[in-house]
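Structure first, then comments.
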Amino acid sequence: MEVETLASACLFLIVVTLLWLSATTKPCSSTTTTTTAAIFPKVYPIIGSAFSIAANDHRRNQWISHILQNSPTATFVLHRPFGSRQIFTANPANVQHILKTHFHIYYKGPTLNSAVGDFLGNGIFNADGDKWKFQRQHSSHEFNTRSLRKFVEIVVDGELSNRLIPILSHASKTQTTFHDFQDILQRFTFDNICRIAFGYDPEYLSPSLPETEFAKAFNDGTGISSQRLNAAVPLFWKIKKLLNIGSEKRLRLATSQVRDLATKIIREKKRELKEKNTLESVDLLSRFLSTSLSSEALVSDIIVSFILAGRDTTSAALTWFFWLLSKHTDVEKEVLKEIDEKSEASASAYDEVKDMVYTHAALCESMRLYPPVPASRKEASNDDILPDGTFVKKGTMVVYHTYSMGRSEKIWGPDWAEFRPERWLNRVQEDDKWRFQGVDPFIYPVFQAGPRVCLGKEMAFLQMKRMVAGIMRQFKVVPVVPDGVEPEYTSTFTSLVKGGLPVRIVARNAINTHS
């Protein structure tokens with residue numbers, strides 16, 4: 001207790017000092033014009049824009065997006081304390097430069113690893129160089145057509161039929177309100193990724209919807225690591241880490257609990273590999289364990305990264321998708337029409353979802369407005385100049401802001417705020433059917449682009465379309481939100497509906513009976 005009191009006193013003294021310094025100095029001249037001051041954060045000596053950063057911490061994505069949309073080049077420099085700078089951009093030419101043309105210059109880097117490395121270790125999301133290449137090479141084998149078909153027809157379909165649909169059916173019959181549909185979807189995707197990647201079934205989506213220590217620990221780990229990364233004054237969390245107090249103590253405990261599960265999964269798989277000469281199916285985990293380069297620590301890092309990718313991104317995308325459908329009944333009708341058509345014409349679940357063109361477009365449109373990962377960071381390994389003329393000094397963090405790009409009038413036109421799946425489609429006159437029309441990945445980097453483009457993109461779309469078809473064929477998801485109130489978009493590493501999305505589940509046959 002004495003240590004925590006001392007640490008709090010130290011932090012208080014630092015804050016008071018910074019306040020005094022800012023009160024006795026004027027903002028830098030670059031922010032003194034009336035027009036600029038209304039948009040760009042004020043910059044003070046020593047502390048930079050720490051006040052603006054802290055004041056907008058609860059709405060960071062919206063704040064950054066507003067600035068970028070009012071910047072002539074869709075790029076601006078955020079001044080952090082002690083001379084540190086961070087470049088934000090929503091300029092497609094810059095994004096292509098960072099992710100492809102000058103990929104060799106921009107890497108994850110030590111700043112990111114300092115903030116998230118305690119939780120994610122050396123997993124694929126924050127690994128660079130040979131460690132990244134090794135993980136990507138071995139992971140890529142899990143995304144072939146055979147694996148994708150197995151994923152949809154065995155893993156996703158099984159979870160739908162045996163767990164999710166019965167839970168939704170019970171909720172509709174008892175008129176139960178789910179206080180957080182986002183949580184239900186996270187449970188589903190968590191079971192999915194563990195089964196397909198590790199051959200392990202956590203049974204997280206069970207009728208009792210159990211509260212597990214792992215889920216709480218995982219949420220703490222991602223949340224606190226994200227707070228570190230976006231901290232106005234990183235020195236504060238570093239002091240708390242040194243003293244093992246507050247959020248840093250919670251992060252240490254959370255990391256330990258998550259690693260315990262990862263270790264359990266690894267040892268179970270090792271036992272299985274030892275007992276059987278050949279496995280019925282080779283999963284991601286067994287591939288890594290069979291290589292001589294994989295230590296147990298690295299495999300543990302890989303497990304944590306894949307859980308983050310498989311659980312959080314897909315569930316986030318679907319949560320916002322169902323919210324948008326509830327506000328756009330015309331889109332919902334088109335999705336339902338396609339589900340019925342494909343269900344009648346397809347021989348298998350995989351065949352049913354792979355050609356769902358309109359639903360695919362609706363998911364793309366949903367992720368344009370509410371991307372699962374709102375922003376991604378890179379660090380410059382050398383001095384560079386972006387296509388819009390912005391100078392990048394070695395060691396500078398450069399962030400391409402996907403959330404802002406999806407809401408850019410320059411990119412999407414004056415109707416950017418409309419949820420309109422048709423912007424992704426062309427109507428072919430010969431057969432009067434929709435054809436999907438993709439866009440340049442550098443104006444829509446929801447799945448990244450260039451050499452680090454998401455390996456699981458196709459798997460994610462197949463999973464989402466199968467879940468949408470399975471749920472919507474039988475039920476209508478009705479958000480329990482007051483009229484005129486929109487759920488708040490927030491994020492850690494991935495986007496979330498702040499506080500969760502409460503919903504009622506209504507059976508389709510009940511709707512048809514009363515219509």
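Computed on the chain, with alpha-carbon pairs under 8 angstrom and 6+ residues apart, the relative contact order is 22 percent. Treating r as the C-beta distance of Lys270 and Ser348 and R0 as 35 Å, the FRET efficiency rounds to 0.55.
Residues in region 226-241 carry Karplus couplings, in order, of 5, 4, 4, 5, 9, 4, 5, 10, x, 4, 4, 5, 5, 5, 5, 5 Hz; the curve used is 6.51 cos²θ - 1.76 cosθ + 1.60 with θ = phi - 60°, and Gly or Pro positions show x.
Per-atom-type breakdown for region 1-507 gives carbon and sulfur 54% of the accessible area (1.4 Å probe, protein chains only).
Straightening the chain between Asp431 and Asp157 buys 95.5 nm, computed as 0.36 nm per residue apart minus the Cα-Cα spacing. Over the alpha-carbon set of the chain, divide Rg by the Kirkwood Rh and report the Rg/Rh ratio to two decimals. Here the Rg-to-Rh quotient is 0.97. Taking 0.36 nm per residue of separation and subtracting the current Cα-Cα distance, fully stretching the chain between Asp340 and Glu422 would add 27.6 nm.
Between helix 457-472 and the chain there is an angle of about 60 degrees, using the helix long axis and the longest principal axis of the Cα atoms. Reported to the nearest whole Å, the Cα centre-to-centre distance from region 306-325 to region 122-160 is 17. For Glu418, the shell of other residues with beta-carbons less than 13 Å away shows a net charge of 0, using +1 for Lys and Arg and -1 for Asp and Glu. Compactness of region 135-259 was expressed as the Cα radius of gyration divided by 2.2 N^0.38 Å, which yields 1.35.
Cross-link check: pairs Lys173/Lys354; Lys342/Lys457; Lys238/Lys270; Lys42/Lys393 evaluated at a Cα-Cα cut-off of 30 Å; pairs beyond the cut-off: Lys173/Lys354; Lys238/Lys270.
Evaluating 6.51 cos²θ - 1.76 cosθ + 1.60 at θ = phi - 60° for every residue in region 53-61, the Karplus couplings come out as 4, 5, 5, 9, 4, 6, 9, 4, 5 Hz, glycine and proline recorded as x. Relative contact order, percent, of region 166-283 when contacts are C-alpha pairs under 8 Å separated by at least 6 residues? Relative CO of region 166-283 lands at 25 percent.
The 3J(HN,Hα) values that the Karplus relation (6.51, -1.76, 1.60; θ = phi - 60°) gives for region 180-186 are, in residue order, 8, 5, 4, 5, 4, 5, 5 Hz. Gly and Pro appear as x. Could you please state, rounded to a whole Å, how far the C-alpha centre of region 390-455 is from the C-alpha centre of region 173-213? Between the Cα centre of region 390-455 and that of region 173-213, the gap is 31 Å.
The values are calculated or read from the model by the stated rules, or taken from the named source; none is laboratory data. This one's a predicted model, so the numbers in the text were calculated from it and none came from an experiment. Ideal geometry is used to build each Cβ from the backbone, glycine not excepted, and the neighbour counts take in all protein chains shown. Areas reflect the complete protein model, heavy atoms only, side chains present, ligands, DNA and RNA absent. Shrake-Rupley method; radii C 1.70, N 1.55, O 1.52, S 1.80 Å.
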